Each structure stands twice: as structure tokens, then as C-alpha cells.
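Please treat every number below as a calculation from the coordinates, not as lab data. Note that the structure is predicted; figures quoted are calculated from it, not measured. Because the Cβ atoms are built from the backbone with ideal geometry, glycine has one as well, and the counts that use them run over all protein chains shown.
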Amino acid sequence: MRALYISLVSEFYKSRKTLAFWAAILLPVIICGLISFGFYHDAEKIIASHYPSMILWAKYSGAALGVMGFLIMPFYVIFMAFSVNNIEHKNDTWKMLFAQPLNKFSIYAAKYLYAVFLIFTCLLLFATLTYSFGQLLQVLIPKFNFDQYNPLNILINSYAKLFLASLGILSLQFILSLLWGDFLKPMGTGFVGTIMGIITANVGWKYAYLIPYSLPTLALRITRVKKGGSLPDFVIFTEEIWTSLIYASVLFIIGYFIVTKKSIK
């Protein structure tokens, strides 16, 4: 555990100035801020629509979820997986990294877990800022009815599902960024995969869940509320989530064998 902790701290210091690190913070702030500004600017029109509180929250939070889940999330995961490993490729420090008196598995796992941490941080900030900015809008414009419904369960469940659905893409792109040190191959493969995943998910292909890049879209599209239940009761561990977790587990193991062979070149 000590070796894993040291490796995690090392990953933080190596990447704290990279775009992938700051994007985990700036993306939620920018997107939630723009959506909130749009609601503030169009307040009279929204109030005139007389939306129930739950529907108002759904429209507000759904705007961020839609942008993040259907488009930005896959591309962010692809870029972030590349960025975490590109530090070693760029500086040609793989041999130096594995020459340290630390367990090789801990070094590899720390890189992967740090990537997972960045995704988790990004989505946690999305959920937190969505709720906080919604409450701020209520204070600024009392005619809104955000205060009549508590959306926390929906936000937590939705972003938890999006987080789990992204792990399949992360694991695949993590391997590609281990194999290829240049920018175009892993990013280009991820870009094509994402377009293919979005298309297959939107046309309703029955095997779309087998494509890792389609899983974030499917995670948000096929969410269903149990019959007779409330919105917070929707199922998290659906087919596409289990598929993502299986991909993540298998590819994590494959990636370890790839990176250990790389270390003895």
C-alpha cells in the first residue's frame, strides 16, 4: 500500500500542470456556469412556462448531463488516458520509472487509479456545481421553484452511472496510450470509436452495448424508473454498466502485462 501511495503522489506532481488535470476542474465550472447563465438570462421565459419543480430541475441538470454524457465525456476520457501515459513517452522515462524500488504493479495501478480519480473528480464537480448553481439561481430569482424539489438523489445516481460507464473507454484507451507514444494513433482511434459508439447507440442497434465508446450514451438514454417507483429509484447497474465493468477489469489486467514488458526493453 505504501508503494501505491507513493506512486499516486508522484502521478499527481507529474500531471498537476497538465491540461488533463485542469480540465477535470474547468470543464464542470465552465459548462455549469454557462448553463446557469442561460437560465438566468431566460428567466422570464422559463418562469412563464410554469414548469413543476421536478421538471425544472430535470431541464436544468439534463442540459449538463446531455452535453457531458453524449459528447464531452468520451473525448475527455480519451485525452486524459493519453495524457497520463504521455508524460513517460515524452520524457522517455519508462525504464527510469520501473527502476525505482517500488512494486511494478503499484506503479502501473497508480497510473490507472489516478486516471480514474480525475474522472471521478470531474463528475463529482459536475453534480456539486449543478446543485449549487441551481440553488444560487433560486436565490437570485425567487420566482423559480428549484427549492420545491430535492434533486440530489437523481444527480448522484446519474453521475455515478456515467462514471461507471466511462471505465470501459478509459481501460481501452489506457492500453492504446501504452502501446503508442504518439498523439494521432490513440486519439484518432478514440475519435473514430466515439463517433461509431454515438451513432450505434442513437440508432438503437441491439449490440451497441458491446462497444465501449457507446456506453456513456446508453447509460443516460436507457435509464428507466421501476414501475410504481420514483425517479431516484432508477436502476444503476444495467446491462451497459456491467459491460463497462467487465471491459475495465479484463483490460486492466492486459494493460499490466503490456507495461511490464515495456519496462524491460
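For the stretch 73-196, just say rounded, prolate or oblate: build the C-alpha gyration tensor, square-root its eigenvalues into a ≥ b ≥ c, call rounded for a/c under 1.5, and beyond that prolate if a/b exceeds b/c, oblate if not. Note, shape of the stretch 73-196 comes out prolate. The simple Förster model, with R0 at 25 Å and r as the Cβ-Cβ distance, assigns His50 and Ser132 a FRET efficiency of 0.50. Among the chymotrypsin sites (Phe, Trp or Tyr not before Pro) within the stretch 5-44, not one is in coil by DSSP while having at most 16 neighbouring Cβ atoms inside 10 Å. Rounded to the nearest 10 degrees, the inclination of helix 239-262 to the longest alpha-carbon principal axis of the chain is 20 degrees. Put in order of Cβ neighbour count within 10 Å, fewest first, the listed residues Ser7, Ser166, Ser106 become Ser106, Ser7, Ser166. Pop the C-beta distance of Asp42 and Leu19 into the FRET formula with R0 = 45 Å and round what comes out to the nearest 0.05. Computed FRET efficiency for Asp42 and Leu19 comes out at 0.90. Summary of the geometry: the stretch 1-75 and the stretch 94-150, compared by the centres of their Cα atoms, lie 9 Å apart. Between the helical axis of 73-91 and the longest alpha-carbon principal axis of the chain there is an angle of about 30 degrees. Computing Rg and Dmax of the Cα atoms in Å directly from the structure and comparing it against (1) 20.2, 67; (2) 16.7, 50; (3) 21.0, 80 singles out (1).
Note on the chain: helix-only mean residue ellipticity at 222 nm, from DSSP H runs of 4+ residues weighted -39500 (n - 2.57) and normalised by residue number, equals -25000 deg cm²/dmol. For the stretch 1-99, the set of trypsin sites (Lys or Arg not before Pro) satisfying both a DSSP loop assignment and a count of at most 14 other C-beta atoms within 10 Å is given as Arg16, Lys17.
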